[in-house]
Structure formats: C-alpha cells, structure tokens
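Below is one structure. I have some questions about it.
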Amino acid sequence: MQYLEIKGGKKLSGNVEISGAKNAALPLIAATILSKNSVEISNLPNVVDIKTLIKLLENLGATCEFKDNHCAKINASCINSTKATYDIVRKMRASILVLGPLLARFGHCEVSLPGGCAIGARPIDLHLSALEKMGATIEIKDGYVIANAKDGLKGAMISFDKITVTGTENIVMAASLAHGKTTIINAAKEPEVVALCKILDSNGVKIDGIGTDELVIHGTNGKLLDINSIKVIPDRIEAGTYLCAGAITNSKISITNCEPKHLGAVIAKLQEMGFEFEISGDKITILPADKIKPVEIITSEYPGFPTDMQAQFMAICTVANGTSLIDERLFENRFMHASELNRMGADIKLNGNVATIKGIKNLNGADVMATDLRASSALVLAALVANGATKVHRIYHLDRGYENLEGKLKALGADILRGDE
Ligand code: UD1
C-alpha cells in the first residue's frame with residue numbers, strides 16, 4: 001500500500017490545471033451503452049474510478065482504446081453480456097450507473113448490489129422504484145439486482161422523495177430509450193447531471209427542463225442514440241480542493257481550466273472566511289486573507305454547499321480564528337476525517353451530524369489514515385500547514401478521484417512525496 005508524506009509549513013504559489021470531472025465522466029461512460037457508435041470521450045481524468053468503469057464495460061463486451069491518458073474511444077455496440085459482477089461493482093458504488101442504460105437497451109440486466117459505503121448506507125431504493133414505475137420487474141437475489149423489462153421500459157411520472165444524483169442520471173439514461181415520455185420531479189441539478197442531459201439531448205433524445213428540478217425525457221422507443229464525441233466538464237470538486245489548499249496555507253495560487261460558475265457556494269464560503277478572488281474566464285486566483293475567519297456550513301444539493309467539499313473545509317476550520325460549525329445533511333457518516341484531524345491536534349467535537357471545530361494556532365504532523373476520497377484530501381490539506389511531517393496512509397482512496405495530486409501540489413511548492421509501506 002502507498003502513503004503520502006507531507007512536510008508542512010510551505011507557502012504555495014503558481015498555477016494548477018484542473019482535470020475533467022470524475023463524477024461527470026462516469027455517467028457519460030455509462031451512456032455509451034445507449035449509443036450505436038463508438039464514442040470518443042476527451043478531458044477524462046486519469047483516475048482509478050474511470051479505469052474501473054471502463055473495465056466493467058469491457059467485461060460486458062465493449063471495447064476501449066485509449067488515445068492518451070485523457071481520451072478514450074469506447075465502442076459499446078458490441079456488448080454481449082448484461083451481468084455486472086461483484087468483483088468490479090464492489091470497487092466503486094457508481095457502477096450502479098450501468099443499470100439504467102443496460103436495462104433500457106437489452107430489456108434485462110443483472111448488476112451486483114454496490115453494498116455499504118464508508119460514508120453511510122447509501123441505498124439505491126430510489127433508482128429501483130423508479131425503474132419499477134417504468135415497467136421493470138426487479139428482484140434482489142444472491143446480492144444482485146435482477147431487472148427485467150422484456151417489452152422495453154415505458155415512460156412514467158417519477159417523483160424522487162430525495163434528490164439523488166446518480167439516481168437521476170440512471171433514470172434519465174433509462175428513459176432515453178423508453179417508450180414515451182418520462183417526467184422526473186425533484187431531479188438533481190448538479191452540473192454533472194446537466195452535462196449528461198445535454199449530451200443525450202444533442203444526440204437523439206429530447207430532454208426538456210435541463211438544469212431544473214423537473215426533467216421531461218422523450219424516449220426514443222428503443223432506437224439507439226448517435227453519440228460520437230464528448231468533452232468532460234472540469235472537476236468542480238478538484239478545483240474547490242485546490243482553492244482550499246491556497247486557503248489553508250494562506251497563499252496566492254491560481255487554478256485554470258475550471259468553470260467558476262460551478263463553484264459559487266465554495267467561493268462564497270471562502271469569501272466569508274476572509275479570502276478574496278480574481279476570476280477571469282476559466283481561471284480563478286485566490287488571495288491570502290488577513291485572518292482566517294470561522295464559518296457555518298450546511299451541506300446540501302447543488303447549488304448549495306457540496307458535501308464533497310465538507311471535509312476540505314473542516315481542515316481549514318481547524319486553523320481558523322474562532323469556532324466553526326459544519327452540519328452534514330446528506331450522508332450520515334461523513335465525519336471520519338474528524339478523528340484523524342484530531343490526531344493532528346485539531347479540536348473537533350461531533351454531535352450527530354454537526355461538527356463544532358474550534359480553531360487552533362498550529363496542527364502537528366502525525367500518522368493518519370485516509371478513509372474515503374474527500375476525507376483523504378482533507379488530511380493532505382491539513383498536513384500542508386502542520387508542524388513537521390504527516391504520513392497519510394491508504395491513499396488508494398485519493399487515487400480513485402484526484403489525478404496526480406502530489407504532482408500538482410509539488411508544482412505549487414508543497415513538500416510532498418509518495419512512498420510504499
Ligand atoms: C453522488 C456523487 C457523490 C456525492 C453525492 C451527493 C457521483 C458518482 N457521486 O453520489 O460524490 O457526494 O452525489 O452530492 O456522482 N439516497 C437514498 N436512496 C437512493 C439514492 C440515494 O436514500 O436510492 C440518499 C443517499 O443515501 C444520500 C442522498 O440520497 O443521503 C443523496 O445521495 P445521492 O445523490 O444518490 O449520492 P450518489 O449519487 O451516490
């Protein structure tokens with residue numbers, strides 16, 4: 001297993017280029033199942049989760065040719081199996097994204113249940129009940145979701161009790177090939193959902209209401225789509241994480257190839273903490289604060305403050321001048337970084353889904369354990385300002401979603417090394 005060793009205390013400077021969004025690329029890769037053509041996807045992030053989903057498609061019979069680390073041509077027209085097996089699905093919950101497109105195209109599929117996840121129960125009941133509304137029969141057997149819709153899926157009126165990102169994406173893809181019109185009420189509005197809808201809408205499926213919480217998908221009655229090429233949008237969570245690296249070290253750094261519009265809630269919170277910004281085109285520069293102020297954060301769905309940025313902000317709060325509050329509303333078990341930050345000397349108290357973080361002068365380097373993707377990045381951020389060296393163990397979590405994190409931080413001036421345990 002590998003670890004990252006970071007020696008804290010260095011000011012950062014310079015520019016970091018943001019990669020394509022993992023969470024946008026995953027549904028787009030799954031959407032290739034709906035296409036009759038090979039699809040070229042560019043601006044793919046070079047991260048493990050992307051490789052995992054492509055491997056899953058290859059196991060189903062699709063072919064994939066990488067033009068370089070960031071561009072792949074996927075031909076899913078040759079899929080000859082509809083069983084997504086446990087050995088791959090267990091590696092990544094988002095594998096569930098193949099359920100909707102496989103069922104819509106083949107009228108049958110078996111997808112291993114994604115199982116528990118470190119950040120909470122994360123059920124898929126909303127995905128399944130929506131597919132049932134569209135005429136599918138669903139059975140859970142031997143750890144697999146077995147879905148059938150022999151005569152194809154039918155358009156339906158679906159109202160999600162809770163806003164679900166991958167649930168919305170799955171149903172949008174399923175509805176694309178369905179017979180008739182599907183309306184999704186309380187749909188997710190995340191930029192990644194919008195990106196998927198736009199690609200489908202411009203390649204054969206009419207979708208009304210893109211970017212709103214009510215989507216109307218006019219299914220093609222089984223006709224496959226004509227998708228040829230896709231460019232993945234920039235990763236707003238990676239972008240936000242580097243802005244936090246600038247913030248916690250109180251440095252001036254810039255990020256490029258990002259979409260400032262997608263970072264509204266993150267930038268607003270950093271402004272509340274005393275940081276100023278220069279924004280021009282696809283470039284954002286964060287400027288140091290006189291004094292890092294404490295904040296109150298409540299996570300919510302887009303355009304609210306993203307749960308995927310909560311851990312990174314908690315890291316900044318540990319060194320703010322005062323007491324911050326973070327209320328995690330999306331996932332019930334997403335504070336595992338708190339005890340690791342406390343190992344570095346932070347003063348964080350948890351009460352249910354609320355964390356109270358009393359800012360302290362200095363964190364101290366320690367051995368800490370990465371527990372999930374975003375928690376891991378929070379530990380790296382904290383290490384950037386801790387006294388002495390911090391070893392972040394189990395960084396395979398980071399490699400799932402951050403492209404070349406240590407290379408990008410090193411280019412900004414951080415003292416960071418990857419090693420083998
Ligand atoms: C996606 C993102 C993840 C992000 C999350 C919330 C991807 C690949 N992952 O995850 O990075 O943290 O959105 O922004 O895009 N829920 C149910 N039943 C369901 C589905 C969800 O109860 O069938 C609940 C979940 O437990 C959670 C909430 O709904 O409390 C939101 O989850 P959801 O939006 O589905 O998260 P993911 O799509 O898995």
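The values are calculated or read from the model by the stated rules, or taken from the named source; none is laboratory data. Bear in mind the structure is a predicted one, so any value in this text is a computation, not a measurement. Using ideal geometry, Cβ is built from the backbone for each residue, glycine included, and neighbour counts are taken over all protein chains shown. Accessible surface is based on the protein model in full, side chains and every heavy atom, while ligands, DNA and RNA are left aside. Shrake-Rupley method; radii C 1.70, N 1.55, O 1.52, S 1.80 Å.
Could you say which residue among C78, C64 is of a type outside the set (S, T, Y), open to solvent by 10 Å² or more (accessible area, probe 1.4 Å) and in a loop (DSSP other than H, G, I, E, B)? Spell out the reasoning first.
Details: C64 fails: in a loop (DSSP other than H, G, I, E, B).
Result: C78 is the single residue among C78, C64 that is of a type outside the set (S, T, Y), open to solvent by 10 Å² or more (accessible area, probe 1.4 Å) and in a loop (DSSP other than H, G, I, E, B).
Can you confirm whether V89 is open to solvent by less than 60 Å² (accessible area, probe 1.4 Å) and either of a type in the set (F, W, Y) or at pLDDT 95 or above (or both)? Give the derivation first.
Numbers: open to solvent by less than 60 Å² (accessible area, probe 1.4 Å): yes; either of a type in the set (F, W, Y) or at pLDDT 95 or above (or both): no.
For V89, the condition - open to solvent by less than 60 Å² (accessible area, probe 1.4 Å) and either of a type in the set (F, W, Y) or at pLDDT 95 or above (or both) - is not met.
Continuing with the same structure: Tell me, yes or no, whether region 201-219 has at least one residue that is closer than 29 Å to D87 by Cα and modelled with pLDDT of 95 or more. Before the answer, list the steps.
Going through region 201-219, the residues closer than 29 Å to D87 by Cα turn out to be none.
No: region 201-219 contains no residue that is closer than 29 Å to D87 by Cα and modelled with pLDDT of 95 or more.
Pairs please, first residue from region 347-368 and closer than 12 Å to D327 by Cα and modelled with pLDDT of 95 or more, second anywhere and assigned to a loop (DSSP other than H, G, I, E, B) and among the polar types (S, T, N, Q), Cβ atoms under 8 Å, 6+ apart in sequence or on different chains.
Once the first residue is closer than 12 Å to D327 by Cα and modelled with pLDDT of 95 or more and sits in region 347-368, its partners that are assigned to a loop (DSSP other than H, G, I, E, B) and among the polar types (S, T, N, Q) give I357/T318.
Filter region 162-172 for residues that are within 11 Å of the ligand (Cβ to nearest atom) and in contact (Cβ under 8 Å) with a residue 60 or more places away in the chain and give the result.
To start, the set of residues in region 162-172 that are within 11 Å of the ligand (Cβ to nearest atom) comprises 162-171.
Within region 162-172, I163, V165, T166, E169, N170, I171 meet the criteria.
In region 1-24, which residues are within 23 Å of the chain's Cα centre (by Cα) and open to solvent by 70 Å² or more (accessible area, probe 1.4 Å)?
N15, E17
Moving to a separate point now. Out of all the residues in region 150-160, is one or more under 24 Å from T220 (Cβ atoms), small (G, A, S) and open to solvent by 40 Å² or more (accessible area, probe 1.4 Å)? Talk me through it step by step, then tell me what you get.
Pass one, region 150-160, residues under 24 Å from T220 (Cβ atoms): 150-160.
Subset that is small (G, A, S): 152, 155-156, 159.
From the residues that got through so far, the ones that are open to solvent by 40 Å² or more (accessible area, probe 1.4 Å) too are 159.
Yes, some residue in region 150-160 is under 24 Å from T220 (Cβ atoms), small (G, A, S) and open to solvent by 40 Å² or more (accessible area, probe 1.4 Å).
Still on this model: Can you tell me which residue in region 173-183 is farthest from the ligand (Cβ to nearest atom), limited to those that are within 14 Å of K206 (Cβ to Cβ) and crowded, with 24+ Cβ neighbours inside 10 Å? Break it down into steps so the answer makes sense when it comes.
Step one: filter region 173-183 for residues within 14 Å of K206 (Cβ to Cβ), giving 175-178, 180-183.
Going one step further and asking which of them are crowded, with 24+ Cβ neighbours inside 10 Å, we end up with 175-178, 182.
Numbers: A175: 16, S176: 18, L177: 21, A178: 19, T182: 17 Å.
Checked region 173-183; the qualifying residue farthest from the ligand (Cβ to nearest atom) is L177.
Taking region 254-266 as the search range and keeping residues that are surrounded by 15 or more Cβ atoms within 10 Å (Cβ to Cβ) and out of contact with any strand residue (DSSP E or B) (no Cβ under 6 Å at 6 or more places or on another chain), which one is nearest to P234 (Cα to Cα)? Give the steps one after another, and end with the answer.
We begin by selecting, within region 254-266, every residue surrounded by 15 or more Cβ atoms within 10 Å (Cβ to Cβ); these are 254-260, 262-263, 265-266.
Applying the additional criterion that residues be out of contact with any strand residue (DSSP E or B) (no Cβ under 6 Å at 6 or more places or on another chain) yields 262-263, 266.
Numbers: H262: 9, L263: 11, V266: 15 Å.
Ranking the candidates gives H262 first.
Could I ask something else about it? State all residues of region 292-307 that are of a type outside the set (S, T, Y) and open to solvent by less than 30 Å² (accessible area, probe 1.4 Å); if no residue qualifies, say none. Outline the logic, then answer.
Residues of region 292-307 of a type outside the set (S, T, Y): 292-298, 301, 303-306.
Selection gives I292, V295, I297, G304, F305, P306.
Scan region 349-391 for residues that are within 16 Å of the ligand (Cβ to nearest atom) and among the charged types (D, E, K, R) and jot them down.
Of everything in region 349-391, those that are within 16 Å of the ligand (Cβ to nearest atom) and among the charged types (D, E, K, R) turn out to be D372, R374.
For region 188-204, check the following and say yes or no: at least one residue is assigned to a strand (DSSP E or B) and more than 13 Å from the ligand (Cβ to nearest atom). Walk me through it before giving the result.
Here is the first cut: in region 188-204, the residues assigned to a strand (DSSP E or B) are none.
For region 188-204, residues assigned to a strand (DSSP E or B) and more than 13 Å from the ligand (Cβ to nearest atom): absent.
While we're on this one: For the list (1) without any contact (Cβ under 8 Å) to a residue 40 or more places away in the chain; (2) open to solvent by less than 40 Å² (accessible area, probe 1.4 Å), I need the number of the one condition that E58 fails.
Failing condition for E58: (2).
Related question: Which residue is nearest to G264 (Cα to Cα), if the candidates are limited to region 205-222 and must be assigned to a strand (DSSP E or B) and touching a helix residue (DSSP H, G or I) at 6+ places or on another chain (Cβ under 7 Å)? Let's see the steps before the verdict.
Let us first name the residues in region 205-222 that are assigned to a strand (DSSP E or B), namely 206-208, 214-218.
Applying the additional criterion that residues be touching a helix residue (DSSP H, G or I) at 6+ places or on another chain (Cβ under 7 Å) yields 207, 215, 217.
Numbers: I207: 26, L215: 23, I217: 28 Å.
That would be L215.
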